[in-house]
Each structure stands twice: as structure tokens, then as C-alpha cells.
Amino acid sequence: MNNLVPTPLEYLQLEYLNGELGSNRAPSFITKQISASNDLEAIRSWLAEYNHSPETHRAYRKESERLLLWSLIEKQKALSSLNRDDLRDYQNFLSTLEPRDRWCGQRRFRKDPRWRPFKAPLNNESIAHAITIISALFSYLVEAGYLSGNPLGLMRRKIKQRCDKSKVTERYLEQSLWQLVVNFIEAMPKTTPRENKEYERIRFLFHLLYLQGPRVSEVANAFMRDIKQIRGRWWWQVTGKGKKTELIPVNDAMLDALMRYRQFYKLSSLPTSDDAYALFMSFNGTKGVAGNMIYRLVKKVFMNCAATLVLTRPDVANKLKQASTHWLRHTSITHQADAGIELRYIKRSARHNSVETTMLYQHAEEEKWHNAMTAHRMPVK
């Protein structure tokens, strides 16, 4: 198989190592949601989900094609036999592409025999992007009943951290630690009217920061009227950096939190287009809250939660003491990825400036994007 020349998916023909007997294939008693009997057919089934989005289809075909060819040529294994160690090797391979003459070349037509899947080794960010797409492929095949498990499931977070160690993407709360914070908020005293108001405000603020993943300035500058219903779905029109506005989905969990918060302040359940109240209101409900005050409120919760863990879990307490509002944004984004929300949706929700292709606003994808966001919810105590 080492004599095999990298060949585009549409021209690839496999007599063996086609995945019909892959070691990671789902057992026969699992109900299959796709008719694929081999790895090529399984990849094509996944790619067919993106036929309506040419840019996404090309990007996903490129990464799945590269992985399949590497698996066959370098590992001499079917894609459905790859394990966690193999995928670590693949990550390292992407940074070297050795042997170069086999894998790299100038851009050519796909039917040209001199076609190669790469132009040059990938940088850390491109590697992380490739691995994220491949993980989405494996997740799809697991859900479809084709594979038993996702060999990248345990690698995703480590890859994110290695992408750029100069950045603070590792500053997030793991699911278990986030659950402790949620439990702490739910246990806040509610005996007096003032205590109850503090609890309701903090509860809503943490729902907003976690479920929507905004920057503090975006919360401080937001009004209730920015939450609006469009074509039967609720969206938040966020004003971000450079006064740029974007619409991001408001899922049912966030809408429930908003309704509870508004009802506590004796407002109508849902905002109207002329609602002038601040999205996050001051204690007396007459005006908004500045970004530095939001920062202090969040910091106070983290510090108080840490104080309850100093004796029993000092390492966890120390991490919470370092946490801030921006940690909540990273936590939101990380947990969205953990929930299986696709990278293209996460980037749009987070309003990141990316080196990757800028996602065009496509009405055909809005419903799927909105439905996908329902996977991102507050944990239940």
C-alpha cells in the first residue's frame, strides 16, 4: 500500500483496507442510520450533509480526504481502524508531511496525476482546525451507527491548548468545575428580598455569559430590545468590536432564563422592539451595569465559590480564584465544542476574526445553526 499515490476521493478505488472489517466498526446490533458499508461510502454520506454549502463541503472533503489517504498509505490501516494513538501520529504528520515529495505539490486539477493533497506543512492553527473537522466526521459516523467511538474525543482539548500557548484558550472551567459553580449559585441564600434579588441577578448573568459566550462590553452595552424574534426564532443582535453587529441564536435555555429574570423585575415575559431596559440591569432595575462592575460581580462569585473548596479541594479553589469573565467566554466556547456544535457555528456565535474562510451568512443554514445551539445548556443541579 506504500506504493499507492495520493488520489482524490472521487477517483480512489480500494480493494482492501476499505473498512468493511475495521476494528472500530460499530457492532451489528447497533441500528445504522446510513447505508454505507465501507469507509469511502461513509465519508461520502457525511459530505452529502453539506451539499448545500459548497465552501463547507470543500473544506470538509479536503480534511477527510487527507486523513483517509494518510491512513491507507502511511499507516496501512482502514480509516475505521484508526485509534487515539494513530490520530496523535497524524497530528504530528501534519506539521512535517514527510515524505514531502509524496504529499506536497503545486495546486493542480484534481484529475491531474501530479495532484497532491498538500502544498506545505500546516501551522498549529491549521492543524487544530483540521483535527476539529475530522472529529466532526468521527462524531457523525458514531451517531450514524457506523463507528463504535470517536478516537479524537480525548484529544480535542489538548489540541486546542497546543494551538498557541501564548494565548489563554486554556483558561476555561472543565465541565465538573463549572458544575460546582452552578451548584454554588443555586445554593446562594434567598431568605431576604435583597438576598433573593442578588441570587436572581447572578443566576441570569451567569446564564447569559455561559449560554451566549459574550464579551463583557457586549453585555454592558446591550438592551432588552436587542433580543428579537425573527422568522419565529429568537436572536440576540450583539454589538461587538468596532461597533459591528451580528445576530446569534438564543436557545430555549437562554430564553427561559430571560423570561424568569424579566418576570422577577415585573416586566412582560419577553422584550419588544421598543424595550429600553438594559439587558443586565442594576440592582434597583433603573439602568444598566458597567463592564467593570460585571467583572467584579463575576469575580466575587468565583472567589466565594473557591472559599468553600479551600480545605477539601485546594487545587480547584486556586483555579477558581484565577477565573474571570473572560474565562466564562472560553468556557462557553469550549463546552459548545464538547457538545458537538460544529466549528462554523461556534465561530459565528463567538464572532471571532478567523484566518479561516469567513462564513457567508446563508439563510438556508440558519435553522440548522439554531437547532444545533439547543445542545448548549446549563447543567442541572
ask   = In the neighborhood of residue 305, defined by Cβ-to-Cβ distances under 13 Å, what is the net charge if each Lys or Arg adds +1 and each Asp or Glu adds -1?
value = +4
Segment residue 120-residue 35, extension gain: residue separation times 0.36 nm, minus the distance between their alpha carbons = 27.0 nm
Spin-label model distance (nm) - residue 260 vs residue 374, 7 Å beyond Cα toward Cβ = 2.0
query = If the chain between residue 21 and residue 186 were fully stretched, how many nm would it gain, using 0.36 nm times the residue separation less the Cα-Cα distance?
reply = 54.4 nm
inquiry  = Which of rounded, prolate or oblate describes segment 71-117 when judged by the alpha-carbon gyration tensor and an a/c cut-off of 1.5?
reply    = prolate
query = Given C-alpha coordinates of segment 281-341, what is the ratio Rg to Rh with the Kirkwood estimate of Rh?
reply = 1.09
task = If a/c stays under 1.5 just call it rounded; otherwise compare a/b with b/c (prolate if a/b is bigger, oblate if not). Do that for segment 19-105, with a ≥ b ≥ c from the square roots of the Cα gyration tensor eigenvalues.
result = oblate
ask   = Taking N as the number of residues in segment 9-163, what is its alpha-carbon radius of gyration divided by 2.2 N^0.38 Å?
value = 1.01
inquiry  = Can you give me the long-range amide H partners of residue 25? Hydrogens built in the peptide plane at 1.01 Å from N, cutoff under 5 Å, separation of 5 or more residues or another chain.
reply    = 148
query = Given the Cα-Cα distance of residue 239 and residue 267 and 0.36 nm per residue of separation, how much length would full extension add, in nm?
reply = 7.7 nm
query = Once every DSSP H run of n ≥ 4 in the chain is given -39500 (n - 2.57) and the sum is divided by its residues, what mean residue ellipticity at 222 nm do you get, rounded to the nearest 500 deg cm²/dmol?
reply = -14500 deg cm²/dmol
inquiry  = Over 29 Å between Cα atoms: which of 190/243; 32/347; 77/111; 190/266; 228/266; 75/347 fall into that group?
reply    = 190/243; 32/347; 75/347
inquiry  = Calculate the FRET efficiency for residue 252 and residue 225 from the Cβ-Cβ distance with a Förster distance of 22 Å, rounded to the nearest 0.05.
reply    = 0.60
query = Build a GNM of the chain with springs between Cα atoms under 10 Å: which of 326, 335, 52 gets the top mean-square fluctuation?
reply = 52
task = Name the shape class, rounded, prolate or oblate, that the alpha-carbon gyration tensor gives for segment 175-375, where a ≥ b ≥ c are the square roots of its eigenvalues, rounded holds for a/c under 1.5, and otherwise prolate holds if a/b is larger than b/c and oblate otherwise.
result = oblate
Pair residue 308, residue 174: separation of 7 Å Cα→Cβ label points (nm) = 2.0
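Computed from the coordinates by the stated procedures, all read-outs in this text should not be read as laboratory data. No experiment lies behind these values; they were computed from the predicted model shown. Because the Cβ atoms are built from the backbone with ideal geometry, glycine has one as well, and the counts that use them run over all protein chains shown.
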